[in-house]
């Protein structure tokens, strides 16, 4: 009995289900009838004169301060004129608006306006910015004009200004209008065409903090575009301020010292990695960039042969020359290949294979401290050959070369350790002993950035901690501990002190502060050198590490060491807390 | 019987009016996608044409494999579904904040979409021989469905997980679950609203709130609801004509080729067009239910229940949403919305359904 009964129940349920389905569809049909047939005319009216308009309210971008609360990037209030693509469709309207703006001294051809409408277009009822950067006075006269077109909306807007100008531009960076690729990448975070976005430096790296959140206003307008009532309002949220570790006054001093020179300077706290000075010369004024350059101005800036847009401190790649000798010195002592008492004899050259590698002059017998002081190549050739290139490049890596330091700035270069494998891959050649000889004195293919050098020397000065350079304190202390016996580092420190006391870097010690450091000179062409000084002060209890680099300077000892000494003395004596 | 006469018999059994109705819906969909993306090139239309070809091939393949084999495989497939849903949660790449997609050689696919079909099959097999309408079986079924539905909810894909619930309830209804249990389901569902609320994502809450009152957020989500209703309503009796819809052309409608496709269609073809489309859906549902009534296989009957619930709810939600009568969930309008996963899984289901017509008299009890 049950077996017959069961399918019947199921079929009954299926039938009920079909009634239910048809009831649902019927309900939808009735609803459609109500909306489309009974109220169709109302909705046609709503659609033809779609009366909702949306205005975006831009937030004030956070201020960037230096360590002493001096503003480096601020947003000031300006006014802009906006309009809706929906109400600016006819040729006639656009021409009328163009001539109205022309009357007030704002030259916009109808084609310019159309281009603006097109480039910022998202949906027709969202406003686009037609004219930017008006002052309150300008805006007042424009709005007071009885002919002010109904299609236009006056909106207050923020504009970015950089009071420190080119002194800080490589750190602070600048903002600009968002471009197509950025829009694609960040569109999901609420950016729209015409928005400002950090393009370089801190402005780009801390965009998420600085930006703030956009607000909006929804208004209902009548058929002629006039405001009827406000439907919704969401205030914008201002961006967060950022306080940098940099010292504007010191940076200003450095920029004066670097005037007319090409190169870079970085000064960093040896313990915490706080960047106090970071200057790349020549520099550029970020203000016109933030307001929008014309194409030819932009081309002139980027094609300038002295590359003012390049941040040489983090993005420039240089041979470290003799400043790299500390790597071999640390490796030799730490690996037990030499002791502080080991000596090599320097006759002024060394034969490696069938090549003769030269020293500056014959130094006679040198130990490690003497070799650092005199920058004796022969000592380091001997040491390098004993260590071998693999151990050397391994230690270079440990000291932070060949990898980014992680500073919060875009555009940091990695450098190139250029070891055995790299040579095989790049040139298909095996490694020769002569290559090791070049390698150990920082010549050859090895490339580093000034900031990598600063970090390595900071580790020597502070007893083996490789700090991550930081620009704002909120980033927190970060870095890595290199396991080196402090006895090793104290020998190196002794050598670096001797350099300034009686060696190649004497000129750095002439400013009343005890400096320790190392010079380096790279011959880049027949009569041109890149000159380097890397060091720290005070030598007894190090506070700042410094790298000074001059492209086409004379030699490390003559040209750069006095600069480094002067900057360190200025910082310790006049800027000390 | 010769090979050719067998084939002839197979074709004779085909429900050609049903196939024609589906093809018309698909054609109207392609046309509407063309209109919705007018001026943006033919990319979406081309891809939807490819989706259609793939779907047609899938329908043929599933038809020839036949529903009986799929009932046999259904537990295995269900296990694979659960595993892939879990894997997707951990390995998936979050598109727009959710883990729904699998990428296979350039094609993106949502396993949860095929999961609707697998759930129908598995539930049909599980329930068919359970004669005892006890509470414990009811609980077992809920557990079975939750094994996949929960992971879909976690993706998070609220719309699809609701479909899983609808399929489960539909299968239970057809199977003959006592009516008092349905009262319990409705009651506990209502009770879950305040408990589940905090677990919803912000955008999900917003969709529900703006449905209740579109003026809460006219700058954002509520705007879509208002604009879609204007689109449908302004279509009037006869519509504005093909390619003449102002709401979609001026981009007042968001995602006009997927979520709001019915709005685009109703604006351009008016009440007459929209009514005819709903009649087509009614016809399709009727033909599906006929298969269930004619078949002597209990599994097919229960499968038909789940399948009907699935399609019905998609239509109800998608059309209701376009009029602002239901919250926005992003469920596809069957065969019309742009997108491969939805149309392919539906076609597979129809392939199986048509194969069930081959042997109506065969009992399975």
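Throughout, read-outs are computed from the coordinates displayed, never taken from laboratory work. What you are looking at is a predicted structure, and each value in this text was computed from that prediction instead of being measured. Cβ coordinates were reconstructed from backbone atoms using ideal geometry, including for glycine residues, and neighbour counts include every protein chain displayed.
What is the mean number of Cβ atoms from other protein chains located within 10 Å of the Cβ atom of each residue in peptide B:264-273, rounded to a whole number?
Rounded to a whole number, the mean comes out at 2.
Apply the a/c threshold of 1.5 to the C-alpha gyration tensor of the range A:304-359 and tell me whether it is rounded, prolate or oblate.
It is oblate, given that a/c is not under 1.5 and a/b is not larger than b/c.
In terms of the Cα gyration tensor, with a ≥ b ≥ c the square roots of its eigenvalues, is the range A:89-165 rounded because a/c is under 1.5, prolate because a/b exceeds b/c, or oblate?
oblate
How do A:61, A:358 line up, fewest other C-beta atoms within 10 Å first?
Fewest-to-most Cβ neighbours within 10 Å comes out as A:358, A:61.
For chain B, rounded, prolate or oblate, judged on the Cα gyration tensor with a ≥ b ≥ c (square roots of eigenvalues), a/c < 1.5 rounded, else prolate if a/b > b/c?
Taking the square roots of the gyration eigenvalues as a ≥ b ≥ c, chain B is oblate.
Before anything else, pin down the relative contact order of the range A:248-574: Cα pairs under 8 Å, at least 6 apart, normalised by residue count, whole percent.
Once normalised by length, the contact order is 21 percent.
Give the order of B:157, A:285 when sorted by the count of other beta carbons within 10 angstrom, beginning with the fewest.
So the ranking, lowest neighbour count to highest, is A:285, B:157.
Which one of B:294, B:244, B:179 has the biggest mean-square fluctuation once chain B is modelled by GNM with Cα springs under 10 Å?
Maximum fluctuation in the GNM of chain B, among the listed residues, is at B:179.
Can you give me the relative contact order of chain A as a percent, contacts being Cα pairs under 8 Å and 6 or more apart?
For chain A, the relative contact order is 13 percent.
State, to one decimal in nm, how far the label point of residue B:276 lies from the label point of residue A:77, with both points 7 Å from Cα in the Cβ direction.
Placing both labels 7 Å beyond Cα along the Cβ direction yields 5.9 nm.
For the range A:139-283, what mean projected area does the convex hull of the alpha carbons give, in nm²?
13.4 nm²
Report D for chain A in µm² per second (integer): Stokes-Einstein, Kirkwood Rh on Cα pairs, 25 °C, 0.890 mPa s.
The calculation lands on 87 µm²/s.
Give the distance, in whole Å, between the Cα centre of the range A:140-167 and the Cα centre of the range A:315-352.
62 Å
Just to verify a number: FRET efficiency for residue A:230 and residue A:141, C-beta to C-beta distance, R0 = 35 Å, to 0.05?
0.85
Rounded to the nearest 0.05, what FRET efficiency do residue A:107 and residue A:285 have when you use their Cβ-Cβ distance and R0 = 22 Å?
The computed FRET efficiency comes out at 0.35.
In the range A:248-574, what is the volume of the convex hull around the alpha carbon atoms, normalised per residue and reported in Å³?
Measuring per residue, one finds 140 Å³ for the Cα hull of the range A:248-574.
Give the relative contact order (percent, whole number) for the range B:18-359; include only Cα pairs under 8 Å separated by 6+ residues.
30 percent
State, to one decimal in nm, how far the label point of residue A:185 lies from the label point of residue A:510, with both points 7 Å from Cα in the Cβ direction.
4.7 nm
Relative to the present Cα-Cα distance, how much length would full extension add between residue A:208 and residue A:473 at 0.36 nm per residue of separation?
Result for the pair: 93.7 nm of gain on full extension.
Set the Förster radius R0 to 35 Å, insert the Cβ-Cβ distance between residue A:483 and residue A:293 as r into 1/(1 + (r/R0)^6), and round the FRET efficiency to 0.05.
According to the calculation, E is roughly 0.10.
Give me the number: length gained by fully extending residue A:23 to residue A:57, i.e. 0.36 nm times residue separation minus the C-alpha to C-alpha distance, one decimal in nm.
Fully extending the segment from residue A:23 to residue A:57 adds 7.5 nm.
Taking the Cα-to-Cβ direction at residue B:131 and at residue A:349 and moving 7 Å from each Cα, how far apart do the two end points lie in nm?
10.9 nm
What ranking do A:24, B:230 get, fewest neighbouring Cβ atoms within 10 angstrom at the top?
A:24, B:230
Starting from the Cα-Cα distance between residue A:574 and residue A:114, subtract it from 0.36 nm times their residue separation and give me the gain in nm to one decimal.
Using 0.36 nm per residue and subtracting the Cα-Cα distance, I get 160.0 nm.
Could you let me know the centre-to-centre spacing of the range B:135-193 and the range A:169-185, using Cα atoms, in angstrom?
So the separation of the two Cα centres works out to 50 Å.
Say we join alpha carbon atoms closer than 10 Å with springs in a Gaussian network model of chain B; which of B:116, B:180, B:240 then has the biggest fluctuation?
Judging by the Gaussian network model, the answer is B:180.
Taking the alpha-carbon centroid of each part, what is the distance from the range B:293-365 to the range B:26-50 in angstrom?
Cα centroid of the range B:293-365 versus Cα centroid of the range B:26-50: 23 Å apart.
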